[in-house]
Structure formats: C-alpha cells, structure tokens
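This report refers to the structure that appears directly beneath it.
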Amino acid sequence: MKRVLIANRGEIAVRVIRACRLAGLETVAVYSDPDATALHVRLADRAARLGAASPLASYLNQDLLLEVARTTGADAVHPGYGFLSENAAFARRVEDAGLTFIGPTAASIEAMGDKITARKAMERAGVPVVPGFHGEATSDDELLDEARRVGFPLLVKAASGGGGKGMRAVRRLDEFSAAIAAARREAASAFGDATVYLERLLEEPRHIEFQVFGDQQGHVIQLAERECSIQRRHQKIVEESPAPHLSDELRRRMGEAAVAAAKAVSYVGAGTIEFLVDGDEFYFLEMNTRLQVEHPVTEVRLGVDLVQAQLAVAQGLPLPWSEQQICPRGSAIEVRLYAEDPSRGFLPTSGVLRRYRPPHGPFVRHDGGFVEGDEVTTHYDPMLAKLIVWGETRDQAVRRLAAALDHYVVHGVTTNLDFLRRLVRHPAFLAGQTDTHFIDTHFSMPYAPIPATEEAMIAVAVAELFGLGATKPTGGGEQGDRFNPWQTLGSWRSGR
C-alpha cells in the first residue's frame, strides 16, 4: 500500500491525511466545488475534483471515486465516516477493482447494516437485545398484534440506516398506524428501504459504546467504553471515557459482549458496538462498522492511534496491541463544535469564519477541518471540529474542558459554542448524571443564549486587539474566569 484515496471531506479527511503521512503513505483528496480550497485539499499530496455540491454528484458518486482512484494511481481507499463508510456495495466495488478497502469486509458491513439481521446475529451470539419484534410481518395488522405483545411505549425503527431517521416513538395504541406509515415513508426516502421493526422504548437509558478492533488473523479486542448519552436529534454532542457511575462488573460484561458481537461477524478493522443501559441491564443497539467521530476519546485515554492501526490491519498486519497491553488512564472528554443555531432547534448555519482561534495547550487536542477564512456551507454535516481534553480525574478533565471552551474564538458563523460552555458547567453534567434525555430535561427549548451587552462586545474587541485571548462574548461565564475580559477589565467603559 503506497497511495490512499480518502473518500471523504472535512475533519476526518484531515485526520486520515495526517495518519498516512506518519505511515509514509501518499494521499489523494477528493472535493466538490464548494470544497475546492478546503483544508483537506490543501494538505493532501494530490487532489481531484468530483463535481457539484450535491453529495450524489460528488462524495457519493461511486463511479467517479473509483475512476479517480484509477487515474491517480491510488491502491487503497479510506472511507472516513459518513458518506460511503458503511456502504457494503462500495466496499465490494473497491475490492473488485483490486484496491484495498481500509475498513471491514463487505459481508461484515451487510450483516450489521440491516438492523433486523444484526439483532438476529446478536441473539445467536448471546448478546442481549432490546425486547421487541424483528420478524417478517405480512401486514400492518400483524405488526399491530406484535405491538400489543411488546407493549407500549415502543419504538418503530427503520431496518436500514440510523441517526434517528425512520424512527417514531409510540405511546398509545391509537398512535401506532400513523407512526408506522410515517416511519416507512422516512426510511424509504433516506435509505431506499421501508422495512421497519419494533422495539420496547427505554424511557431514560444511557448510551454507552465499546470500541472494538479486529485483524485479518481473527483477533478481536475491545478498547474500553465511551459514554455518548448527551445528544440532540439523536446526534451526539458530548462523549467521554470512562463512563461515569458504571460498575466494574457491568463494564466487564459489556466488554465481553462487545467482543462476542464483533466476532459473530468476523469483524476486521475499527468498529463500535453501541449499547443502551437501563439500570444494571444493557442491550445491543447497533454496530457502527467504521471509525467513529469520537475515536479521539479512546486515543487520548488509552495512548493508541486507531487510524494508524487501521492502515496496518488493512495491509494484513496483526493488531499492534493485545487487550492485556491496553491500560486506560485518567479521563477523556470530547465535545463537538457545530455550525448550528441552538436557539432555532439546532438548525445548521453558514458563513465565513472571519475569526477562528481554537484552544491549545497541554492535555488539549483539537481535530478540525476548517481554518480562519474558510467558508462554511450547509451542503454537508455541520460539524466544524472536535475538542478533546484529558485529566487525571473526571473533575480535572471537566475543568480543563470548560477552560478550553472559554479560549475558543469563533466569529462569522453561529455555532453551539455558548451552549457547550453552559452544558459543561451544568450541575447534572458535573455530577455525571447523564442520559439520552439530558438536553430536554435540563435546558429550555428553544434554547435562549444569554445576550451579550454592547460594552461586553467592545471589551472583547479591545482585548483581542491587544492579544488578551478573549472569547466571543456570551454575556456571562463563571465568576473569576480570567479569560473573560468582561469580568477582568474592571471599571473600563466605552466612553459614550
């Protein structure tokens, strides 16, 4: 393997390029028209245009991606995450073209990509699944009978895909028919498959996932858990390891189940087994047959490089570590910075990053796909970057995270930065009391950021002019925060 085409964009493309560089591999970036000057394009050894902004015309165009691989002499393809990373047909086409697919086999992707097939495989492997119905129903009346058996409340879920699409909560019998119809319409539109199944609704579960890794020699290990309960629209916002308030016994059982799940589909490469935890019980949710957005949490806490390991395993090398060699240390937490407006239901935003200064320093890692002056569009995922911190304890990691967020400077694009600053200081978060309804429980929606005063705005501008490291004003902040000039400039006034 000498040259890797990265079939993705943004932050993950940048991450893979840097890993390839460390491994002595050349890289080929691909880009749509809006991404012509993007950071991943500028960093790669070579770059090729795909087409217009539409993902179907660019990053999802399998024919064009394979043609670019041929014309640029790439001998491997890394799919990143999102787009085609969990597309079994694409993985198979890459392999049929004589290229190395840096990821699991097409068969493994297929086995876990269909949620019904995955549930059946997990049952055979002895992995607990949420009670429900995943058989073949010949009619809606039969599904209704099964719904009565499962009991309410329940979830109607799409058999293909994820991210909350094709999913409906049903609390009463008279809501069931409408929910089935709506879930099928959305699933057909999003995934081209209207098949649905039923699952008992867990009211206040925690979302905890285990990183797994397999090689071509048949070894599979787990690399500890990540807590991912804090979400909006079924998309994660905060991830951390270790999961707070998880007993050693439950952690052990879940780790063993994660390995069993991966072995059940002969898994090769980096993957994630996701569980829902309800009290002392846990249930298989799904498997992500790819690298996860939150993989840096594991890297920081365990001192490993998962992308380097992907590259090695794809070349037929054994895993670079055994489970006995993995020694988790301290606590790592990641938050995702999105170009979105929390006050408008977290709708994506756009604009030019007029001023963009990520935090830096010891125990702080910033993975991003944008730099100051870049334009942010609404054509793709709104994530700008990930901020990861480490501490000897969770309390120390949380304090470092809050300080790092206070150092963040983002002007020109509305983001969730103010929301993150308030979230990591919330008493429930500080106590590690998280579940999948955390935001709905603890934040009023629509979210109303604390307004900044005119004097605070001018104070920040002056502080930045003189290099005082100010952040974009939020109209508040913790008392005694030396990084907030509206708290430290004393009696200074604008002199109106």
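Numerical summary
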read-out	value
Extension gain, Q62 back to S350 (0.36 nm per residue minus Cα-Cα distance, nm)	100.9 nm
Cleavage-rule hits (GluC sites (Glu not before Pro)) in region 190-250: DSSP loop, at most 13 neighbouring Cβ within 10 angstrom	E203
Normalised convex hull volume, region 71-140, alpha-carbon set, Å³ per residue	144
Unit charges on C-beta of K, R, D, E only; dipole of the chain, Debye	1080
Subset of K157/K236; K120/K263; K120/K165; K2/K236 violating a 23 Å alpha-carbon distance limit	K2/K236
Test item: Cα-centred dipole of region 206-442, Lys/Arg +1 and Asp/Glu -1 on Cβ, debye	580
Mean separation of Cα contacts under 8 Å, 6 or more apart, over the residue count of region 121-250: relative contact order %	19
Theoretical gain in end-to-end length, A52 to D395 [0.36 nm per residue, Cα-Cα removed]	118.9 nm
Of V212, S108, P382, farthest towards positive along the dipole that unit charges on Lys, Arg, Asp, Glu beta carbons give the chain	P382
Sparse-neighbour loop sites [GluC sites (Glu not before Pro); region 361-455; at most 15 other C-beta within 10 Å; DSSP]	E372, E392
log₁₀ of I(q)/I(0) at q = 0.11, 0.13, 0.16 Å⁻¹ - region 206-442, Debye sum with one point per alpha carbon	-0.58, -0.80, -1.17
Residues A188 and A23, FRET efficiency given R0 of 25 Å [Cβ-Cβ distance, rounded to 0.05]	0.05
Per-selection Rg to Rh, the chain - Cα, Kirkwood hydrodynamic radius	0.97
Added length on full extension, which subtracts the Cα-Cα distance from 0.36 nm per residue, V371 to H219	50.8 nm
Spin-label model distance (nm) - R149 vs H411, 7 Å beyond Cα toward Cβ	6.3
Packing-based exposure ordering (other Cβ within 10 Å, fewest first) of I237, I326	I326, I237
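Any read-out appearing in this document is the output of simple, stated calculations on the displayed coordinates, not a laboratory observation. Note that this is a predicted model, so its numbers are computed, not measured. Quick reminder, even Gly has a Cβ in these numbers, built from the backbone with ideal geometry, and neighbours come from all protein chains shown.
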